[in-house]
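Asks: Quick one: structure below, then a few questions.
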Amino acid sequence: MTLPLDHITVLDLTHVLAGPYATRRLAMMGAKVIKVERTGIGDDTRAFPPFVGEESVYFSSLNTGKHSIALDLKLPEDRTHFERLLGRADVLVENFRPGVMARMGYGPDDLAKTRPSLIFASVSGFGQTGPDSLKPAYDMVVQARGGIMSITGEYGREPVRVGASVGDIVAGMFLLEGILTALYHRDRTGKAERVDVAMLDSQLAILEHAVAMVSATGTAPIPSGARHPTITPFDTFHASDGLFVIACGNDALFVQLCRVLDLDALIDDPRFCSNAARCDNERLLKRFIEQKTLSAPRDHWITLLQGNGLPTAAIQNVAEVLQDPQILARDMVQEMPAWAEGMTHHVAGNPVKLGVNPNARALDAAPKLDQDREKILAWLDGAAL
């Protein structure tokens, strides 16, 4: 089966999350991803729980479909292997601190001279330039410094970290975008670009309403809980047995919601007749809505609202999401064989569906450390990998 990137070879020197997330996405689209790891230790996440047998499911979820070789670039023999790999690669991806690759003799300026067609892609906390480029960073550091923690949580309470590692994951997505753009540019011009993605930059890039609010008003937004700060009603609401969400993103949906909930008097009420007015009076509007929704359970309201074209949903935990019929119909939960015989674990499927091949590549299990050394070295001599 032909996949869009099946002609591309990627040397993946990344570890933990942002880089491995991007390179796994490349593997899902057909790229040959060779994970170059530290001898004896490998990627840090090999030691991260949870485990199935001796296998880290965290590591496996980020490294399915890759090949592993362990190299010590201080050793002449391993440097020879690495340089042969460079000769076969289209993209090198790394997430060391700026300058580390150059000190090993494999910086972007070095490789631009010896491997001019190689795309050199870096992801780091603060990027390759600027006064803080050498400072260490983790997901929580960039969530804090990048502003997203300041708008996450409940009003009047302390800021909280977003539950998923969006500092890493968003940077990984932008890294993937940069690599794909660089590959397209190389195809058109023959020139290999440098890709430089910073986790901090990436956090600012996703603050769509927050940046607009500061620009327009000069005032920084504050946490607003589940409620959208500039659209109303767009929030959680109580039913008789718990919370669910309603998201009315325009006036027509609000009018429809009022009719379904028998709140027709609110349609022409000046306090609610526009989105701006509803935002100014969101607490009062929420009380009117919950006077209705508290009278029946969540499933009743979700069925009623969905049946009338209104965006709504239960608040599912992750175990429930993994059983969601829509998620399963889209092949978004994939069972992977674990290293321990007879055992399996699950990983998220590919959210990008391409035409006649909607689920792209069915990936192999994540490799054990240095598992593919002999196959990779044989591939360098012309064998299949």
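Read the figures in this text as sums done on the coordinates, not as results from a lab. Values in this document were obtained by computation on a predicted structure and should not be read as measured data. Don't worry about glycine lacking a Cβ; one is built from the backbone with ideal geometry, like all the others, and counts go over all protein chains shown.
Asks: Applying 1/(1 + (r/R0)^6) with R0 = 22 Å to the Cβ-Cβ distance of ARG271 and ILE315, what FRET efficiency is obtained, to the nearest 0.05?
Replies: 0.20
Asks: Between GLU37 and residues 5 or more places away or on another chain, which pairs have amide H atoms under 5 Å apart, with H built 1.01 Å from N, and which residues are they?
Replies: Residues meeting the criterion, in which the H sits 1.01 Å from N, are ILE69, ALA70, LEU71.
Asks: Per residue of the range 165-170, what does 6.51 cos²θ - 1.76 cosθ + 1.60 with θ = phi - 60° give for ³J(HN,Hα)? Whole Hz please, x for Gly and Pro, Karplus curve as stated.
Replies: 7, 5, x, 7, 5, 5
Asks: Dipole of the range 294-385 (Lys/Arg Cβ +1, Asp/Glu Cβ -1, origin at the Cα centre): which of HIS345, ALA384, GLN326 lies farthest to the positive side?
Replies: GLN326
Asks: Still on this structure, please answer the following. Can you pull the semi-axes for the range 28-187, root of five times each eigenvalue of the Cα gyration tensor, sorted largest first, whole Å?
Replies: Here the semi-axes work out to 30, 21, 16 Å.
Asks: Rank the residues ILE289, ILE169 as a footprinting-exposure proxy: fewest other Cβ atoms within 10 Å of their Cβ go first.
Replies: By the 10 Å Cβ count, ascending: ILE169, ILE289.
Asks: At 222 nm, what helix-only mean residue ellipticity would the chain give, in deg cm²/dmol to the nearest 500, using -39500 (n - 2.57) for each DSSP H run of four or more?
Replies: For the chain, the value works out to -10500 deg cm²/dmol.
Asks: Listing TYR138, TYR21 from the residue with the fewest other Cβ atoms within 10 Å to the one with the most, what is the order?
Replies: Ranked by crowding around the Cβ, least crowded first: TYR138, TYR21.
Asks: Hey, what angle do you get for helix 76-88 against the long axis of the chain, alpha-carbon based, 0 to 90 degrees rounded to 10?
Replies: Here the helix axis deviates by roughly 60 degrees.
Asks: Among MET213, PHE82, VAL57, whose Cα lies farthest out toward the positive end of the dipole of the chain, if unit charges sit on the beta carbon of Lys, Arg (+1) and Asp, Glu (-1)?
Replies: With unit charges placed on the Cβ atoms, the residue in question is PHE82.
Asks: At 25 °C and 0.890 mPa s, what whole-number value in µm²/s does Stokes-Einstein give for the translational diffusion of the range 234-316, with Rh from the Kirkwood sum over Cα pairs?
Replies: Answer from the Stokes-Einstein relation: 194 µm²/s.
Asks: If we count every other residue with Cβ under 9 angstrom of THR23's Cβ, Lys/Arg +1 and Asp/Glu -1, where does the sum land?
Replies: Surrounding charge for THR23 is +3.
Asks: What whole number of Å gives the distance from the Cα centroid of the range 194-209 to the Cα centroid of the range 103-171?
Replies: 8
Asks: With 10 angstrom as the radius, rank LEU204, LEU263, LEU257 by how many other C-beta atoms surround their C-beta, starting from the fewest.
Replies: LEU204, LEU263, LEU257
Asks: Using only Cα atoms, locate the centre of the range 219-245 and the centre of the range 330-350, then give the distance between them in Å, rounded to an integer.
Replies: Cα centres, the range 219-245 to the range 330-350: 35 Å.
Asks: Compute the long axis of helix 251-260 from its Cα atoms, compare it with the longest principal axis of the Cα atoms of the chain, and write down the angle in degrees, 0 to 90, nearest 10.
Replies: With both axes taken from Cα atoms, the answer is about 60 degrees.
Asks: In the P(r) worked out for the chain, what percent of Cα pairs fall beyond 32 Å?
Replies: 46
Asks: Sticking with this one: Can you compute the modelled spin-label distance between THR181 and LYS135, with each label point 7 Å from Cα toward Cβ, in nm?
Replies: It is 2.5 nm.
Asks: Let me ask another. Calculate the dipole size of the chain relative to its Cα centre from +1 charges on Lys and Arg beta carbons and -1 charges on Asp and Glu beta carbons; express the result in debye to the nearest 20.
Replies: 640
Asks: Right, here's the next one. Are there trypsin sites (Lys or Arg not before Pro) in the range 53-113 that DSSP marks as loop and that have at most 16 other Cβ atoms within 10 Å, and which are they?
Replies: Hits after loop and neighbour filter: LYS74.
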